[in-house]
Structure formats: structure tokens, C-alpha cells
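Structure record follows, encoded as C-alpha cells.
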Amino acid sequence: MLYDTHIHTRFSHDSRMNIEDAIQKAQEMGLGITITEHIDLNYPDPAAFRVDIPCYLAAYEQYRSKTVLLGIEVGLGVEIATKNQTLIARHPFDYVLGSIHLVDGIDLYIDAFYRGRDKRQAYDRYLETMLDCLRCHDTIDSLGHIDYICRYAKFHDPELYYSECSDKIDHVLMALADNGKCLELNTRRLNKKSVVENLIPIYRRFYELGGRYITIGSDAHTPKDIGKNFQEAWEIAEICKLRPVWFEQRRMQYVATQ
Ligand SMILES: [Zn+2]
Ligand SMILES: [Zn+2]
């Protein structure tokens, strides 16, 4: 069984999905799921992207099973590393996905981050921040959406090309591989063939640098997106010789070999 390890329901600021609908959709698709509600402790608006974790875990405990797991997507930041580590240690999550959503205190979704920066400068800063965050967050299980910036960057061609940022990407991939961490393969953008083709060199390089495991996640905020583009993800994993895994009680679980 494959697991969709990146799903947001109503405890995430920008999702209204009910867990019952998520579970039903996953069952129809033959997938296990991990709920990963989204918390960014460094988000400029203190009312946004906070999660009442005890309330979230208590409400969903009744659904918890081998195929419905409860995790968290933690927004990484050097300045909040200690707070994040405490939060991760304090709660009985199945899985911790660490993601970069803000760089220098600015949401990558917002134009201000790109103002006065060319693509090279913006992507270098993004990848440097990612590396700095990985160095001070050694308790995450997987690094979320390495291509997140491509969703929102205001450049003519926002794609993250391995060849354009190879040094910085290598450092990120090595930081993961050397610590036995996973790299997420976020399926949200895999509907485009060109995106798949540009991500393959990054995931192949992860393998070359010693990485062996990926988590696959749709980042679904609605039931229709659960399991989206998983065929493409499975093919990328095969091409790059990486093994899709999921986590239960923070322990890595393997997909049975085909
Ligand atoms: Zn995210
Ligand atoms: Zn997410």
C-alpha cells in the first residue's frame, strides 16, 4: 500500500477538509494517509498557521489506525528551532514533515520576497535557508516540497533546475542523506511533464549522495487532491531508485516491494 503523507484538514489555517471525507477518498484510492496539519510558529500574523495540537490529536484519536496516521507539517526557521524541537518532542506524532514556507520572515507566496532579487539570488537565499534550518532541526523525518518556491516565484521560468543551483542543492541533499532523513516528493506539480523532468535530476542526485528514502505527499487541502499524481511520483521513485516510505510512531515503514 502507498501512503499519501501530506494532507491538510480543518485544523490547518487554509483547509476546511473533514477527516471523514479524506478517509473515504483514501479508501476509494487504496491509499493510507498521514494527516499533516500546518504550523508556522514564525508566521508574521500570529493568528495564521497556528494549530491547537492537543485539540487536533484528541479530536482525531478515534480515527487513528494503521492506515490513518497523525503527523504535523512544521514550518522551519532558525529563530524558532528550539520551539519547534520542543513541540515535536512533546506530542505523540506519527510523522514530522519539516518545510520552508518563510525566508527572512517573508512568506514565499508574497511578492516582497522577490523584489530586488533576481532568480539566482532568490533561489540561493531559499536554499541557504533550507540548509541552515536542516542543521538545527535534526528531529524532522522528511523535508517537505523542495520545489515549494516554484509555486509562487515571480519569474518568467520559476522552475528549480538542478544544473542552476547544483552546489546549494547538493548541500541540502547531503544534510538529509548524512542524517538518514527522507526527502519528500510533493506531487502537487507533477501533472506537468516538464516539472517531472526537472525534478528527476534532483531526486537522482539525492540517491547518488546516499539518500535512499522518500515520502510521497499530495499536500491536499480538498478530498479530490488526495493521491493526485501518485503514478508520476511512483515512476520518479523507480527511475531514481528511491524507496517510498511512511512513518508510524516516528518509525519508518516500507512499501512492500512490487
Ligand atoms: Zn508546506
Ligand atoms: Zn502542506
Scanning the stretch 196-210 for residues that are in contact (Cβ under 8 Å) with a residue 40 or more places away in the chain and under 13 Å from residue 145 (Cα atoms), the one surrounded by the most Cβ atoms within 10 Å (Cβ to Cβ) turns out to be 199
Filtering helices (runs of 4 or more DSSP H) wholly in the stretch 1-100 for at least 3 residues that are more than 16 Å from ligand 1 (Cβ to nearest atom), surrounded by 13 or more Cβ atoms within 10 Å (Cβ to Cβ) and touching a residue at least 60 places away in the same chain (Cβ under 8 Å) gives 19-29
- Query: What do you reckon, is residue 91 touching a helix residue (DSSP H, G or I) at 6+ places or on another chain (Cβ under 8 Å) and of a type outside the set (Gly, Ala, Ser)?
  - Reply: yes
For residue 130, the lone unmet condition from (1) modelled with pLDDT of 95 or more; (2) away from ligand 2 (no atom under 16 Å from the Cβ); (3) more than 19 Å from residue 154 (Cα to Cα) is (2)
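Just to be sure I understand, how many residues within the stretch 1-33 are hydroxyl-bearing (Ser, Thr, Tyr) and touching a His at 6+ places or on another chain (Cβ under 6 Å)?
Looking only at that region, the number is 2.
Determine if the stretch 24-37 includes at least one residue that is of a type in the set (S, T, N, Q) and within 16 Å of ligand 2 (Cβ to nearest atom).
There is at least one residue in the stretch 24-37 that is of a type in the set (S, T, N, Q) and within 16 Å of ligand 2 (Cβ to nearest atom).
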For residue 217, the lone unmet condition from (1) under 18 Å from the mean Cα position of the chain (by Cα); (2) surrounded by fewer than 19 Cβ atoms within 10 Å (Cβ to Cβ) is (2)
All conditions in (1) of a type in the set (D, E, K, R); (2) more than 20 Å from residue 182 (Cβ to Cβ); (3) modelled with pLDDT of 95 or more are true of residue 14 except (3)
Scanning the stretch 54-74 for residues that are away from ligand 2 (no atom under 16 Å from the Cβ) and within 21 Å of residue 86 (Cβ to Cβ) gives 54, 55, 57, 58
**Prompt:** Does residue 129 meet the test of being assigned to a loop (DSSP other than H, G, I, E, B), β-branched (Val, Ile, Thr) and on the phi < 0 side of the Ramachandran plot?
**Reply:** no
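Table: residues versus (1) over 26 Å from residue 248 (Cβ atoms); (2) surrounded by 19 or more Cβ atoms within 10 Å (Cβ to Cβ); (3) in contact (Cβ under 8 Å) with a residue 24 or more places away in the chain.
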residue	(1), (2), (3)
124	yes, no, yes
128	yes, no, yes
133	no, yes, yes
144	no, yes, yes
173	no, yes, yes
178	no, no, yes
182	no, yes, yes
194	yes, no, yes
When the stretch 220-255 is checked residue by residue, the ones that are closer than 19 Å to residue 141 by Cα, in contact with an Asp or Glu (Cβ under 6 Å, 6 or more places away or on another chain) and crowded, with 22+ Cβ neighbours inside 10 Å are 247
When residue 140 is run through (1) β-branched (Val, Ile, Thr); (2) within 16 Å of ligand 1 (Cβ to nearest atom); (3) part of a helix (DSSP H, G or I), the failure sits at (3)
### Message
Condition first: assigned to a loop (DSSP other than H, G, I, E, B), modelled with pLDDT of 95 or more and closer than 23 Å to residue 204 by Cβ. Can you find one or more residues in the stretch 108-126 that meet it?
### Response
no
Can you find even one residue in the stretch 56-69 that is among the charged types (D, E, K, R) and under 30 Å from residue 125 (Cβ atoms)? no
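The values are calculated or read from the model by the stated rules, or taken from the named source; none is laboratory data. Predicted, not measured: the structure shown is a model, and the values here were computed from it. Because the Cβ atoms are built from the backbone with ideal geometry, glycine has one as well, and the counts that use them run over all protein chains shown.
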